[in-house]
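Presented below is the structure to which this report refers.
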Amino acid sequence: MFDLIGKKIMVTGASSGIGRATAILISKLGGKVVACGRDENRLSETLSKCEGTGHLQKIFDVRDTNNYKNIFDDIVSDGEKLDGLAYCSGIAPPTPLRVFDEKTLREVLDINFIGFAMMVSMYAKKNYNNGGSIVGISALNLYYPQECMTAYAASKAAMESSARTFAIELAKKKIRINCVAPGPTDTPMLENIIPESQDYFNLKMLLPESQPEDIANAVIFLLGETSRTITGRTIFVDSGYLGQ
């Protein structure tokens with residue numbers, strides 16, 4: 001059902017967490033991974049865990065939108081266009097009002113939203129895709145606000161609303177676009193944003209905390225043909241979170 005044999009899929013944020021788990025799972029299902037990120041050593045580690053051959057590694061910062069054309073040109077220089085994009089790049093710095101500033105807000109928006117939007121725009125060009133599917137990693141935070149996470153929630157709201165609008169145009173190009181909204185997931189990002197007191201999140205989850213592989217499973221579902229009639233939607237992988 002989730003066969004990705006021969007599919008060439010670009011994964012940003014592939015150096016750790018959900019991005020790494022997604023890249024590895026794509027390879028296990030027969031896909032060719034284009035692993036993207038800023039850290040060469042960690043990207044190499046991701047690729048070392050991938051199965052199969054033909055995978056690529058691209059080192060760049062998603063904020064460098066002016067370089068996107070060169071990156072995409074290089075990716076398809078082997079004559080094979082992309083069949084999918086998983087945008088897993090993201091940061092989530094706590095930003096209390098007492099230290100809230102424009103620099104932090106812009107950094108979060110640049111990585112979490114603007115990079116996503118510009119990547120979608122580039123992927124949609126006929127020179128780079130065979131149709132396929134785009135998946136963005138959103139966040140439960142958007143629906144159940146948490147203290148000091150204003151910039152993060154705003155960036156994910158922008159991602160989801162843009163995905164719904166993009167879906168209209170992309171359907172004409174035979175491209176689908178969706179988001180996955182994870183709940184708390186055991187990644188380095190979660191470690192960075194949770195303080196010593198677990199009361200910060202006031203969690204009410206019916207099921208155990210997600211692992212990166214749980215989120216990757218949902219991403220794979222949306223990348224593959226099993227979800228061929230789903231677009232402009234958000235799938236929750238949130239351990240049955242009931243809110244506050």
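Taking the residues in the range 54-86 that are among the aliphatic types (A, V, I, L, M) and touching a Leu at 6+ places or on another chain (Cβ under 9 Å) as candidates, determine which candidate is most open to solvent (accessible area, probe 1.4 Å). The qualifying residue most open to solvent (accessible area, probe 1.4 Å) is ILE59. Restricting LEU203, LEU242, LEU207 to residues that are more than 25 Å from ILE9 (Cα to Cα), at pLDDT below 90 and either touching a Gly at 6+ places or on another chain (Cβ under 7 Å) or not aliphatic (A, V, I, L, M) (or both) narrows the list to LEU207.
Do the conditions hold for ASP3, that is, is it at pLDDT 95 or above and either more than 14 Å from the chain's Cα centre (by Cα) or loosely packed, with under 14 Cβ neighbours inside 10 Å (or both)? Explain how you work it out, then say what you get.
Values: at pLDDT 95 or above: no; either more than 14 Å from the chain's Cα centre (by Cα) or loosely packed, with under 14 Cβ neighbours inside 10 Å (or both): yes.
When the stated conditions are applied, ASP3 does not pass them.
Take GLU51 and tell me if it is open to solvent by 30 Å² or more (accessible area, probe 1.4 Å), modelled with pLDDT of 95 or more and not in a helix (DSSP H, G or I). So GLU51 passes the test. Applying the selection to the range 109-148, what residues are out of contact with any Cys (no Cβ under 9 Å at 6 or more places or on another chain), crowded, with 23+ Cβ neighbours inside 10 Å and in a loop (DSSP other than H, G, I, E, B)? Listed by number, the list holds a single entry, ALA139.
The values are calculated or read from the model by the stated rules, or taken from the named source; none is laboratory data. The model shown is predicted, which means the values in this text are computed figures rather than measured ones. Positions of Cβ are generated from backbone atoms using ideal geometry, with glycine treated the same way; all protein chains shown enter the neighbour counts. Areas reflect the complete protein model, heavy atoms only, side chains present, ligands, DNA and RNA absent. Shrake-Rupley method; radii C 1.70, N 1.55, O 1.52, S 1.80 Å.
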